[in-house]
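Right, one structure below, let's go through it.
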Amino acid sequence: MLSTRRVGISRDPRPTARRGGVFVALVAAAVLGAGPGRVRPAAAQPSPRVHVVATGGTISNREGGRLSAAEVASLAPGIERYAQLSTEQFSNTASGALTVAQYLALAKRLNALYRDDPGLAGIVVAMGTDTMEELAWFLHLTVRDPRPVVVVGSMRNPSQVGFEGPANILAAVRVAADPAARGVGTVVVLNDEIHSAREVAKTDARRLQTFRAGEYGVLGVVDPDRVVWVRRPIQRHSATSEFDVERIDSLPRVDILLTYQGAPADLITAAASAGASGIVVAVAGAGAMSGTQAAGVREVRDRGVFVVTATRTGSGRISAGTADRTATTDAATERRRAHTLVAEDHAPLKARLLLMLGLATTREGHELQRMFREY
Ligand code: ASP
């Protein structure tokens, strides 16, 4: 179902008058013989190539029929000043309808695009905003190339007054085409802001400034004159990631359960009985559970399920237990310890996807805990 096509966008996007100017300069240089020491006329720089992969979402959800990938890529007049675009339709659906199998397939596809096209500057993925923070994080961990993946969408649809899709796709393409985007991994670009996939979350059901990275803030902004970067991710991701999707056929089930006053154990044991290899408990504060959850956690750990605690607060870090691990204990206690992990500063949604990838590669508790520290 994958198709690739180029958008009907000029290969030489500069205005005709400027093209003429460069032509005259090139002819003059040829006649005068521009050599070392002489001032060469500025050579025409080929504009960077950016590939847009559309998956659906509000940005394509026009009343009366969804926009195609080529239509999404062409939303912004003048976009060809920044990049030569090609497009591809991966799916055309709401983000919540994407399956984990499609996550894997998309990651494989983006890796292949970069592998097969060394001259490609960047990739833009257009999608729905509802689960954008999940797919963006998954791609951050699995697209193993220094070139960027820029995830974009819109809060208003093409049939609504104030549709911001054109501004967002323009900003996303500018970021993907920016040489300084190399090494940042996967970023989310909406509302002229650049957020790291590691930290970003949708924080408002309606507002245009919905994407936020909590206390960490933006990686940069997209201003009219240039893309401005203010910080870069330091944790492992993309080119330095160990998660090779070519070796993963399917991902194990990992569920998330929330701590709330009086939360029961039976939901935790039910998740394990339904086949979860891992459970993320979105705990209160820096690790508190409630009700009978702790008993449920003990039971599933004895059954070999990995349990990760991630804070439900929206920011802050849970550190690994400080209990004395040198004291020799019985095998059952050791097993429980090995299956007890903390998410560090990862939100529950991000911890879940990281645990799924981790469990696809190892069943060693200390290795899984290392991943939460390093990514
Ligand atoms: N329901 C849409 C989706 O996530 C919302 C959006 O695109 O903003 O696909």
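The values are calculated or read from the model by the stated rules, or taken from the named source; none is laboratory data. Being a predicted model, the structure only gives us computed values, none of them experimental. With ideal geometry, Cβ positions are generated from the backbone for all residues, glycine too; neighbour counts draw on all protein chains shown. For accessibility, only protein heavy atoms count, side chains too; no ligands or nucleic acids. Shrake-Rupley method; radii C 1.70, N 1.55, O 1.52, S 1.80 Å.
Observations
- A Cβ distance below 6 Å, combined with a sequence gap of six or more or placement on separate chains, defines the contacts here; from segment 292-305, residues that are surrounded by fewer than 22 Cβ atoms within 10 Å (Cβ to Cβ) and among the small types (Gly, Ala, Ser) reach residues that are modelled with pLDDT of 95 or more and part of a loop (DSSP other than H, G, I, E, B) in the pairs Ala295/Ala265.
- Flag for Ser68 being of a type in the set (S, T, N, Q), over 29 Å from Asp225 (Cβ atoms) and either open to solvent by 30 Å² or more (accessible area, probe 1.4 Å) or over 17 Å from the mean Cα position of the chain (by Cα) (or both): yes
- Residue list for segment 94-143, filter: outside any helix (DSSP H, G or I), within 16 Å of the ligand (Cβ to nearest atom) and open to solvent by 10 Å² or more (accessible area, probe 1.4 Å): Ala94, Leu98, Thr99, Asp130, Thr131
- Scanning segment 329-354 for residues that are modelled with pLDDT of 95 or more and farther than 19 Å from Ala286 by Cα returns Leu353, Leu354.
- Any hit, segment 260-281, residues being within 24 Å of the chain's Cα centre (by Cα) and on the phi > 0 side of the Ramachandran plot: no
- Val175 falls short of the stated requirement of being more than 12 Å from the ligand (Cβ to nearest atom), assigned to a loop (DSSP other than H, G, I, E, B) and out of contact with any Lys or Arg (no Cβ under 6 Å at 6 or more places or on another chain).
- Some residue of segment 73-80 being of a type outside the set (Phe, Trp, Tyr), without any contact (Cβ under 8 Å) to a residue 12 or more places away in the chain and more than 16 Å from the ligand (Cβ to nearest atom): no
- In segment 56-87, the residues that are among the charged types (D, E, K, R) and in contact with a strand residue (DSSP E or B) (Cβ under 7 Å, 6 or more places away or on another chain): Arg66
- Residue match in segment 205-228 (condition: closer than 28 Å to Glu374 by Cβ, open to solvent by 30 Å² or more (accessible area, probe 1.4 Å) and free of Cβ contacts under 8 Å to residues at least 12 places away in the same chain): no
- Checking Arg247 against (1) over 30 Å from Val173 (Cα atoms); (2) crowded, with 21+ Cβ neighbours inside 10 Å; (3) among the charged types (D, E, K, R), the condition it does not meet: (2)
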